[in-house]
Amino acid sequence: MSDKKRIEARFLGGATLMENGVPLSGTAVRRHPLALLAILAVAPDQAITRPRAIGLLWPDANEATGRNRLSSTVYPLRKLLGNDVLTATADTLRLEPAGLDCDIWRFRDLLESGDAASALRWYRGPFLDGFYLENAELFEDEVRKHRDRLKTEWQQAVQTLAEKSETEQQQSVAAHYWRMLLADDLLDTQTATRLVRALTAAGRRYEALKAAEEHAAALQQELGVKPDAVFMEILNRLRQKPVNTDETPEASIAVLFLDALGDEESNSFGEGIHSGILNRLASVDGLTVIARTSLLRYRDTRLSTAEIGAELGVRWVLEGGIQVRGSQFRLDTRLVEARHNRQVWAYDYTGALNAENYFSVQSEISEALFEKLRHRVTPDERLRLTGLATENLEAHRRATEARKHLDQRSPESMQKALACFEEAVELDPDYALAWVGIADTVGLMQAYGYAGTEVLARAEQAIKTALETDPFCAEAHAAQGRFFGQWRREKEATKSLRRAVALKPGYAEASNWLTIGYHVSGDLAAAVDSSRRAVALNPMSVEALNNAASTLLFLGRAEEALQAERKVLELEPGYGTATFFSGLALIELERFEDALHILDGLELPWAGAGVDTARALASAGLGDMTSARGSLESIRRSGYAFDEGLALAALGETEKAIEALGREDFSGQEFAVIYWPTVCVRYLFKPVWRRLPNEQFRALVERIDASFGLI
């Protein structure tokens, strides 16, 4: 069948045949051919006798009629698939798996290989869900048997992933899988118990209490009974302990910027020491180290150490000052227990300003902090603690200065940052972090619209040089992940970012970028975990907070997402992305007037025509079709066919919606623009999407997945 196009059969969650992601039509996809193909797909060795097939599909037919009907059913299938894929002898029909794709086979093969997480992506729902044949009770019995068996395999896979996550201390991920199982059977107290325990262990006590009370209420409403004694004990314990009790992690620290006592040189070298200590601490697993972005707001603060610790949610704060005088420098630092504003350790140093002294004090302080915090450091982590990114003090100072310019995000400051990074690599060509800085700068210049895509070639070369210089540089792997993401190579992006997190668990940006990648790939369990880690490390980052809030929205927890977005907007009132997602949450809650109010006047270039589309959906939700059509005309002028199709679906014009959606070429879009359609089809506006034929909607999802290299 080498000259034929490959066909895909989907029987989990429905019944359809696809060719290159497009649902097929014609005689081969009528009910009886689909039923025969489905039975063959689940049969032992994918084979069935002709009498058995006739008995299942046409139980009331006599022998001659049954054979004629079977022949009429087999013919279009063999014509579509090929005689070598569906073989027919006098007594037996057989499918050859090598010539056909089938979701059931993919699901089971992945389970056998031990990749349960990937297997779950192929289980879109029960076997032949919603499919039936009239007057074919034996067929229905056969379907029921395989449906139950496949569902059991799915349940066992989900449970395996949940228990594995618990063993690996990834309680948030475990909670996601337990929630999947509980959604399948709301009355299963054993699963509800595991969910509540995982949420509690993850520090999500409010959610644990809410889940426990919802399960108890469901049992009372459906069966008129209470949960068992063990579950009630857990529920009562959650009710007795206040949810807002201080749960600040013991191993958490904020390293404040050093007070510069003197001229600009003191400030410059102080920035470098601060950065060096942060990088060393962030390389050790299990320690929450607040990221530089969140620390910027406390550079000139009048808040007390206790107030800073409370805002950042940390137990410990390191503070101090630096003074440079000629060829000498003096450094003093203090470790303070934030809650009681109690100093527990101090370090003072005075010596010659040379590379050896400058870098050694950073290692000494980091080592001492781990000892005071009683935090275990592995041998590999200790090597990273004592390693030097560069031995050139001036190169280090230029790179530190570049980061300060890059923080400002203006065209002028980015050009200054690029010049400083270039000077740093001229002084030390083996300075991996400076090469990463070049990649970060030109990448951000492109993302902010200050440069075209042609600069990304330079970013790619800089990343390559950084990794050749230091294969264990977490920042270089993260930059590579971001680069792959910009080109929609999502599997490679996720791999690189995971490597970055493994090398430097405290690198907040890598976890933040991972969250967005998980949104795109549909792995919300992992998105929950990475978004929580990003917020814990960078609690004042509006981007990290917004990604955590949008994860809640995508999980169907719109009210919680709305509350989370309000906190983002308190930090940065003009943050358009948070305003946009607040509007989306309001639409999901069917608060359409509130959504229109908050979206009024909003412009958000990265979402394409997303804001107009959201307005169209909100207006249609109110029954104001005139306003919805006004938004539709604005969408059409923008040229985004996806948004046009979504708006038309909201207006009930299904055929026009299908035509518009089919016109969108996702393969040529930038990551930021295609992120919006991706989250729309995966997570949002389900009542609108249900107006499309199931096959058309799935084909749309597959086209988007294909544009990211996910299939």
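The values are calculated or read from the model by the stated rules, or taken from the named source; none is laboratory data. This structure is a prediction, so every number in the text was calculated from the model and none was measured. Neighbour counts run over all protein chains shown; Cβ positions are idealised from the backbone, glycine included. Accessible surface is based on the protein model in full, side chains and every heavy atom, while ligands, DNA and RNA are left aside. Shrake-Rupley method; radii C 1.70, N 1.55, O 1.52, S 1.80 Å.
Taking the chain as the reference, fit the longest principal axis to its C-alpha atoms, fit the long axis of helix 474-486 to the helix C-alpha atoms, and give the angle between the two in degrees, 0 to 90, nearest 10.
Helix 474-486 sits roughly 40 degrees off the main axis of the chain.
Once you sort the root eigenvalues of the Cα gyration tensor of the chain as a ≥ b ≥ c, which label holds: rounded (a/c under 1.5), prolate (a/b larger than b/c) or oblate (the other case)?
In terms of gyration-tensor shape, prolate.
Order the following by accessible area, largest value first: S72, S619. Probe radius 1.4 Å; ligands, DNA and RNA are ignored. Write down the numbers at each step before the final one.
Working: S72 80, S619 5 Å².
Most to least solvent-accessible, the answer reads S72, S619.
If you roll a 1.4 Å probe over the stretch 438-561 with all protein chains in place, what percent of the accessible area is carbon or sulfur?
Carbon with sulfur: 55 percent of the solvent-accessible area.
Compute the long axis of helix 103-112 from its Cα atoms, compare it with the longest principal axis of the Cα atoms of the chain, and write down the angle in degrees, 0 to 90, nearest 10.
Result, in degrees: 50.
Stokes-Einstein diffusion coefficient for the stretch 3-113 at 4 °C in a medium of 1.567 mPa s, Rh from the Kirkwood formula over Cα pairs: what value in µm²/s?
This corresponds to a translational diffusion coefficient of 90 µm²/s.
Could you give the alpha-carbon Rg of the stretch 650-711 over 2.2 N^0.38 Å, rounded to two decimals?
Relative to the rule-of-thumb radius for its length, the stretch 650-711 sits at 1.08.
Would you mind checking the tilt of helix 411-427 against the longest principal axis of the Cα atoms of the chain, expressed as 0 to 90 degrees and rounded to 10?
70 degrees
Residues of the chain: accessible area per residue at 1.4 Å, in Å²?
45 Å²
Using mean Cβ contacts within 10 Å as the protection proxy, how do 485-497, 436-448, 566-578 order, highest first? Intermediate values should be presented prior to the final figure.
Values: 485-497: 20.5, 436-448: 22.8, 566-578: 15.5.
Going from most to least packed, we get 436-448, 485-497, 566-578.
On a straight-distance basis, which lysines could pair with K416 in a cross-link, Cα separation under 29 angstrom, same-chain partners fewer than 8 positions away excluded?
K404, K464, K504
Can you give the FRET efficiency to the nearest 0.05 for E356 and T453, using r as the Cβ-Cβ distance and R₀ = 45 Å?
E between E356 and T453, to the nearest 0.05, is 0.55.
Among rounded, prolate and oblate, which fits the stretch 571-687 when a ≥ b ≥ c are the square roots of the eigenvalues of its C-alpha gyration tensor, a/c under 1.5 means rounded, and a/b larger than b/c means prolate?
Here the stretch 571-687 falls in the oblate category.
In whole percent, and with a 1.4 Å probe on the protein chains, what portion of the accessible area of the stretch 588-711 is carbon and sulfur?
48 percent
Just to be sure I understand: if I project the alpha-carbon convex hull of the stretch 444-565 onto a plane and average over all orientations, what area do I get in nm²?
7.6 nm²
What is the diffusion coefficient of the stretch 517-620 in µm²/s, taking the Kirkwood radius over Cα pairs and the Stokes-Einstein relation at 25 °C with a viscosity of 0.890 mPa s?
Working: Rh = 13.8 Å.
Stokes-Einstein gives a translational diffusion coefficient of 178 µm²/s.
Given a 1.4 Å probe and every protein chain left where it sits, what share in percent of the accessible area of the stretch 10-162 is carbon and sulfur?
Values: 3330 of 7280 Å².
In the stretch 10-162, the share of accessible area belonging to carbon and sulfur is 46 percent.
Please go through the stretch 144-185 and write out the GluC sites (Glu not before Pro) that DSSP classes as loop and that have at most 16 other C-beta atoms within 10 Å.
Answer by residue number: E168.
Mind jotting down the three principal axis lengths of the stretch 223-370 based on Cα atoms? Whole angstrom, largest first.
Reported extents, whole Å, longest axis first: 80, 30, 26.
Any chance you could check the Cα centroid distance between the stretch 587-611 and the stretch 22-56 for me, in angstrom?
Distance between centres, Cα-based: 47 Å.
Sorted by average packing, counted as other Cβ atoms within 10 angstrom per residue and highest first, what order do 202-215, 227-240, 620-633 take?
202-215, 620-633, 227-240
Please compute the modelled spin-label separation between R124 and M232, points set 7 Å along Cα→Cβ, answer in nm with one decimal.
4.5 nm
Write down the Å³ per residue value for the convex hull defined by the alpha carbon atoms of the stretch 141-244.
About 97 Å³ per residue, rounded to a whole number.
Suppose each label sits 7 Å from its Cα in the direction of the beta carbon; what would the K686-T87 distance come out to in nanometres?
Inter-label distance under the simple model: 4.4 nm.
Just flag the trypsin sites (Lys or Arg not before Pro) in the stretch 263-312 sitting in loop per DSSP whose Cβ has no more than 12 other Cβ atoms within 10 Å.
Values: sites: R280, R292, R297, R299, R302; in loops: R299, R302.
Passing both the DSSP loop test and the Cβ count: R299, R302.
Find how many whole Å separate the alpha carbon centroid of the stretch 343-368 from the alpha carbon centroid of the stretch 507-563.
Centre-to-centre (Cα) distance: 36 Å.
Between E168 and E412, how many nm apart are label points set 7 Å from Cα along the C-beta direction?
Output for this residue pair reads 4.8 nm.
Expected output is a single nm value to one decimal: the length gained when fully extending between S627 and E153, i.e. 0.36 nm times separation in residues minus the C-alpha distance. What is it?
Values: separation 474, 0.36 × 474 = 170.64 nm, distance 4.84 nm.
Taking 0.36 nm per residue and subtracting the Cα distance, the gain is 165.8 nm.
Taking the Cα centre of the stretch 6-56 as the origin and placing charges on Cβ (Lys, Arg +1; Asp, Glu -1), which of A53, V42, G14 is farthest toward the positive end of the dipole?
It is A53.
Please tell me the relative contact order of the chain in percent, rounded to the nearest whole number, where contacts are Cα pairs under 8 Å and at least six residues apart.
Relative contact order for the chain comes out at 7 percent.
For the stretch 455-576, what is the charge dipole size about the Cα centre, in debye to the nearest 20, if Lys and Arg each add +1 at the Cβ and Asp and Glu each add -1 at the Cβ? Intermediate results must be reported in sequence, preceding the final value.
Working: 15 positive and 15 negative charges, 65 e Å.
For this selection, approximately 320 debye.
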